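The values are calculated or read from the model by the stated rules, or taken from the named source; none is laboratory data. This is a predicted model, so every value here is computed, not measured. Cβ placement follows ideal geometry from the backbone for every residue including glycine, while neighbour counts extend to all protein chains displayed.
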Amino acid sequence: MLPLQYARGHEYPVEKFCTNEYCKEKRLFCFEQCSKIESLHGNHNKDTEKKKKLKLCEYLKELSQQCNKIVEEIEIQFSKMQQHFKQFKSGILATYSIMESDLLNLNSNEISKYFKNRRLADQFIEITDKFIQIQKITVKNLKQIRSKILKMKFLVILNHFHMNQ
């Protein structure tokens, strides 16, 4: 058993913890005094567990691993987003950018042909549409990551409890 005192004024150590992600009560509590209060975790008592040192430590370790995976997923998504932005930017520059020196070396027929071959508006729309589709996928992935983070908010609450002890 981890020797945590529940709160000042309580004689008994923490013996149980709540894993319900929507719980608004204190996550760690003593059995002798707190468990006897009906309103405390009453509607989700099945989510409270007898705290054994290893079980709580394993639970926190699992939450920490989930947190690390989420951070990795976020890094991957932002890396992909940055890569797609670079491609988007390169596509626009390749389509619309012409060096003045190149332009000066072309005659009027070649310049006209350059603009005809570029299909400027169509290509810009294609490039923009592709970028928008990629960003939609990125947003979808970030929403999934957000959902995972919301499920892990218990970790923040638990850490806050330990810091205020």
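Among the conditions (1) assigned to a loop (DSSP other than H, G, I, E, B); (2) modelled with pLDDT of 70 or more; (3) not charged (D, E, K, R), the only one that Gln165 does not satisfy is (2). Scoring Val14 on the criteria (1) of a type in the set (Val, Ile, Thr); (2) out of contact with any Lys or Arg (no Cβ under 7 Å at 6 or more places or on another chain); (3) modelled with pLDDT of 65 or more leaves a single failure, condition (2). Among the residues of segment 70-106, those that are surrounded by 13 or more Cβ atoms within 10 Å (Cβ to Cβ), hydrophobic (A, V, I, L, M, F, W, C) and modelled with pLDDT of 80 or more comprise Ile70, Ile74, Met81, Phe85, Phe88, Leu106.
Restricting the search to helices (runs of 4 or more DSSP H) fully inside segment 83-153 and requiring at least 1 residues that are within 30 Å of Cys18 (Cβ to Cβ) gives 120-151.
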